[in-house]
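Working notes, beginning with the structure itself.
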Amino acid sequence: MATTLAAPGIGSGLDINAIVEKLMSVERKPLEQIAKQEATTQARISAFGSIKGALAAFQSAAAGVSTGSAFRATYAQVSDIAVLSASTSSDAASGRYAVEVSALAQSQKLASAGFAATTDAVGTGTITFEFGTTSGSAFTPDAAVGSRSVTIAAGQDSLAGVRDAINAAKIGVTATIVDDGSAAGKRLVLSSDTPGAARSLRISVADDDGNPTDAAGLSRLAWDPAGSAGNGKNLEQKQAAQNAALTVDGIAISAASNVVSGAIPGVSLTLTRTNAGSPATVTVAANTPAVSAAVGGFVKAYNDVVALLDNLSRYDPATRKASTLTGDSTVRALQTQLRGLLTSASSVVPGRSLADAGVTLQRDGKLAFDATKLGATLTSDPLAVEKLFATVGRATDARIGVFATARDTLAGSYTVGVTQLARAARVDANAAAALVYTAGVDDTISASIDGRNVTVQLAANYADAGALVADLGSKLNGALAQAGTSARVVVSATGGVLRIESAAWGSSSSVAISGNGAVALLGAAPVTTTGQDVAGTLDGVAATGSGRTLTAATGSPAAGLALTIDGGALGARGTVDVSHGAGAQFAARLALLADDEGIVASRSSSMQKNLDSLALRREAIDRRLAQVEAAYRAQFVALDGTISSLNATSTYLAQQLANLPKVSSS
């Protein structure tokens with residue numbers, strides 16, 4: 001009986017492993033084809049990844065020249081940077097300006113009397129800070145800024161506690177303690193956080209000792225320019241609030257801050273030192289190098305995309321070798337779209353082309369850039385250059401501004417119709433306001449401004465309606481600021497009759513006045529006017545109004561166009577012309593091409609699916625090959641056993657035959 005051999009082929013002498021391996025190498029031929037297909041597909045996916053990256057870089061470069069501000073870039077040079085520095089915006093005009101600084105803006109600083117220790121008690125109560133202008137002994141509050149109050153409770157009444165309470169309130173005043181080294185040298189210093197004459201302080205105290213102006217308790221911190229020492233003017237002024245004073249080309253200018261904007265249109269000056277008698281020169285010029293760099297970046301990015309597409313799709317007839325994406329329809333579509341956009345962008349400005357901006361198309365499909373030609377056109381016709389590249393929207397009505405455009409806004413001329421102007425909510429009194437108020441009787445005003453509720457106390461008496469307007473506006477805006485809302489009011493008076501108006505425009509604004517002082521302040525029947533949004537049409541299609549902004553309807557040709565209507569008449573208001581230059585057109589189209597659902601991503605996704613399908617086929621073939629190999633081995637092992645058995649039989653017969661008796665011939 002034959003035995004099973006542990007090593008295949010030992011019994012028969014056959015090299016079963018070699019035989020099976022050669023048979024399997026034939027069976028594995030389909031895997032080689034799949035491997036080639038996988039390598040080709042992976043290379044194509046990689047190539048489209050490179051294309052997507054190049055398109056994204058081109059989109060960024062195109063976006064850099066898609067807005068008008070890119071072509072209105074300016075820069076400023078200062079002859080004496082120790083005196084001031086300067087920065088510009090796109091609104092700045094070229095010119096040379098002589099600037100002389102005679103005073104820097106500064107904040108008011110007030111110091112208390114000395115204390116022996118920071119733990120010494122000051123007092124409890126409420127401290128109210130008003131911001132405004134001091135002229136001699138007269139203080140006029142700034143109603144737009146408002147007043148702020150800080151409560152000093154028991155446990156906070158030490159010198160250090162009062163300092164910490166004021167700083168924690170974040171009301172625009174900083175408190176510090178300075179020690180002059182004497183026995184009672186620890187002094188509380190109060191400083192307005194904002195410099196300028198209009199940020200002078202008046203400090204009133206509701207002192208728990210019952211006397212709000214004496215030099216005892218918390219009232220030691222009172223400061224009224226109209227008072228006297230020990231009677232409401234109990235701090236010592238160490239530094240007066242002051243505006244910056246300067247001249248620009250000999251014209252005197254006063255500014256609340258050391259950062260002066262508007263003195264030279266589009267230029268911001270930062271003052272650091274006085275230079276009386278030695279004017280510094282500020283030179284403002286068009287930043288042609290910055291514009292040139294932006295346009296040059298656009299040209300380079302375009303050429304990078306063109307070169308990449310060409311390299312990936314080129315066919316070399318000499319070597320008969322194709323590139324990774326030779327013949328790919330998506331690549332051809334991209335090349336066609338890029339050329340079409342370039343042609344379209346060149347015809348945006350009648351009588352002008354990209355060649356006027358130094359950009360020309362070469363025979364190889366790439367662009368050439370001439371910075372000198374661009375500089376010349378920027379000097380002679382800057383608006384034409386802006387239109388050749390950027391999205392430009394201009395209204396024929398001076399009181400209509402183009403607030404925004406979008407890539408969905410089609411180029412064209414759109415008629416503007418205004419059927420309703422925006423207005424802010426307000427309350428108008430129907431009688432002159434009282435100037436005398438009684439505590440607890442008619443001195444409380446509760447206001448709801450744009451949905452935020454605050455309550456303020458009126459003073460006992462006012463010299464005139466102007467003083468009442470200033471105090472009420474200051475207190476309302478101060479209370480709103482401390483409540484953490486951006487809502488503000490504008491208080492005015494005509495002939496003593498008050499108007500309280502929201503600073504916001506549109507239907508979201510609201511004003512409601514109540515409290516026991518409402519009748520004395522506004523009369524028995526004040527008139528409330530609700531806020532309303534602007535309303536109108538763009539090219540005859542109803543637009544959406546929000547405050548003073550009129551936005552074109554979604555889906556209309558003007559979609560994305562938003563206008564600011566700053567008053568004027570109702571009815572037809574002229575037109576708004578919108579054009580999209582090369583940068584804007586390319587930025588919009590490239591955003592779609594490079595999008596996750598664009599044609600590049602779609603093509604890559606399709607090829608990835610093919611790659612995944614090939615992987616599944618490979619797995620299926622691998623499983624089948626394992627079964628085939630097992631079958632081959634089983635067959636050859638069986639053959640090995642059969643041959644081994646036959647060999648054993650042959651050996652046995654040979655032995656038996658050899659043992660047979662010899663037949664003698666004699």
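The values are calculated or read from the model by the stated rules, or taken from the named source; none is laboratory data. Since the model is a prediction, treat every value here as computed from it, not as a measurement. No Cβ is skipped: glycine too gets one built from the backbone with ideal geometry, and neighbour counts run over all protein chains shown. Accessible surface areas use protein heavy atoms only, side chains included; no ligands, DNA or RNA. Shrake-Rupley method; radii C 1.70, N 1.55, O 1.52, S 1.80 Å.
Extents of the chain, taken as max minus min of Cα coordinates on every principal axis and listed largest first, are 169, 72, 59 Å.
Relative contact order, whole percent, for the chain stands at 19, derived from Cα pairs under 8 Å and 6 or more residues apart. The stretch 26-71 and the stretch 191-256 have their alpha-carbon centroids 67 Å apart.
Once you reduce the stretch 77-153 and the stretch 541-617 to the center of their Cα atoms, the two points are 46 Å from each other. Each of L246, A398, N610 was scored by the projection of its Cα onto the charge dipole of the chain, and the greatest displacement toward the positive side belongs to N610; charges sit on the C-beta of Lys, Arg, Asp and Glu. Screening the chain for DSSP H helices whose Cα atoms reach 27 Å or more along their own axis and whose mean Kyte hydropathy is at least -0.5 gives 29-63, 288-313, 599-659. When Y75, Y652 are compared by accessible surface with a 1.4 Å probe, the order from highest to lowest is Y652, Y75. Extension gain for the segment A103 to A615, taken as residue separation times 0.36 nm less the Cα-Cα distance, is 176.5 nm to one decimal. Looking at the stretch 271-326, the trypsin sites (Lys or Arg not before Pro) that sit in a DSSP loop and have at most 10 other Cβ atoms within 10 Å of their own Cβ are R320.
Assuming charge only on the beta carbon of Lys and Arg (+1) and of Asp and Glu (-1), the dipole of the stretch 197-259 about its Cα centre is about 200 debye to the nearest 20. Computed per residue of the chain from DSSP H runs no shorter than four, each worth -39500 (n - 2.57), the mean residue ellipticity at 222 nm is -11000 deg cm²/dmol. In terms of the mean number of neighbouring beta-carbon atoms within 10 Å, the peptides 410-417, 51-58, 388-395 order highest first as 388-395, 51-58, 410-417.
Work out the FRET efficiency for T494 and A93 from their Cβ-Cβ distance, taking R0 = 30 Å, and round it to the nearest 0.05. Once rounded, the FRET efficiency stands at 0.15. A Förster distance of 51 Å, applied to the separation of the beta-carbon atoms of S448 and A406, puts the FRET efficiency at 0.90.
Can you figure out the FRET efficiency of E27 with L653, using R₀ = 45 Å and their beta-carbon distance, to the nearest 0.05?
Values: r = 39 Å, r/R0 = 0.87.
Computed FRET efficiency for E27 and L653: 0.70.
Return a whole-number percent for the relative contact order of the stretch 271-376, with Cα pairs under 8 Å and 6 or more residues apart as the contact set.
Contact order relative to length: 24 percent.
Model label sites at S50 and S85, defined 7 Å from Cα along the beta-carbon direction, differ in position by 4.4 nm. For a 30 Å ceiling on Cα separation, which of these pairs sit above it: K186/K233; K52/K366; K300/K609; K233/K475; K29/K321; K186/K475? Long pairs (Cα-Cα over 30 Å): K300/K609; K186/K475. Summarising the label geometry, the points placed 7 Å from Cα in the beta-carbon direction at A630 and D179 lie 9.0 nm from one another. Structural descriptor for the stretch 383-463: relative contact order 18 percent, calculated from alpha carbon pairs under 8 angstrom and at least 6 residues apart.
Considering only L378, Q335, A424, the residue lying farthest towards the positive end of the dipole of the chain is Q335, judged by Cα position with unit charges set on Cβ.
Which order do the peptides 200-213, 430-443 come out in when sorted by mean C-beta neighbours inside 10 angstrom, highest first?
200-213, 430-443
If ligands, DNA and RNA are left out, what is the accessible area of L563 with a 1.4 Å probe, given in Å² to the nearest 10? Using a 1.4 Å probe on the heavy atoms, I get roughly 0 Å². Pick out, from S79, T134, Q33, the residue whose Cα sits farthest towards the positive end of the charge dipole of the stretch 1-157, with +1 on the Cβ of Lys and Arg and -1 on the Cβ of Asp and Glu. In the stretch 1-157, that residue is Q33. Of the Cα atoms belonging to the stretch 529-625, the radius of gyration and Dmax stand at 25.4, 86 Å. Given +1 at the Cβ of Lys and Arg, -1 at the Cβ of Asp and Glu and no other charges, the dipole of the chain around its Cα centre is 2480 debye to the nearest 20. Distance between the 7 Å Cα→Cβ label points at Q362 and L383: 3.5 nm.
Assigning unit charges at the beta carbon (Lys, Arg +1; Asp, Glu -1) and nothing else, what dipole magnitude in debye, to the nearest 20, does the stretch 274-391 show about its Cα centre?
Details: 11 positive and 9 negative charges, 69 e Å.
Dipole size: approximately 320 debye.
Relative to the current alpha-carbon distance between S508 and K300, full extension at 0.36 nm per residue lengthens the span by 70.1 nm. Straightening the chain between I251 and L660 buys 132.9 nm, computed as 0.36 nm per residue apart minus the Cα-Cα spacing.
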